[in-house]
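The values are calculated or read from the model by the stated rules, or taken from the named source; none is laboratory data. The model shown is predicted, which means the values in this text are computed figures rather than measured ones. Cβ sites come from the backbone with ideal geometry, for glycine too, and all protein chains shown count toward neighbours.
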Amino acid sequence: MSGTIQEVNPQEQSFTLKTTTGPTVNLQAPAELLAGLQVGDVVEVKRSGTQAMEIHKKENLPQPNMDGKK
């Protein structure tokens, strides 16, 4: 599942993800998976039920210059 981080709560070991397909979901994750995550990060999450097993940040690729200027 892919989406954008909306909230990170390390104390409760949870985060909120706005998925690319529309719904917003609340997931649980150990603190080590939440480390370094920030609101607005685009991530790929592997989960089992409501438990995140893996979280991978997607790198922002540079956008091509479409205005013709260099």
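Of everything in region 33-62, what is surrounded by fewer than 10 Cβ atoms within 10 Å (Cβ to Cβ) and acidic (D, E)? Give them in sequence order.
E59
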For region 19-35, give me the residue count where each residue is part of a loop (DSSP other than H, G, I, E, B), of a type in the set (G, A, S) and out of contact with any strand residue (DSSP E or B) (no Cβ under 8 Å at 6 or more places or on another chain). 2
Considering residues of region 2-32 that are at pLDDT 95 or above and among the aliphatic types (A, V, I, L, M) only, the residue surrounded by the fewest Cβ atoms within 10 Å (Cβ to Cβ): V25
Would you be able to tell me the number of residues in region 36-70 that are modelled with pLDDT of 95 or more, aliphatic (A, V, I, L, M) and more than 17 Å from T20 (Cα to Cα)? 2
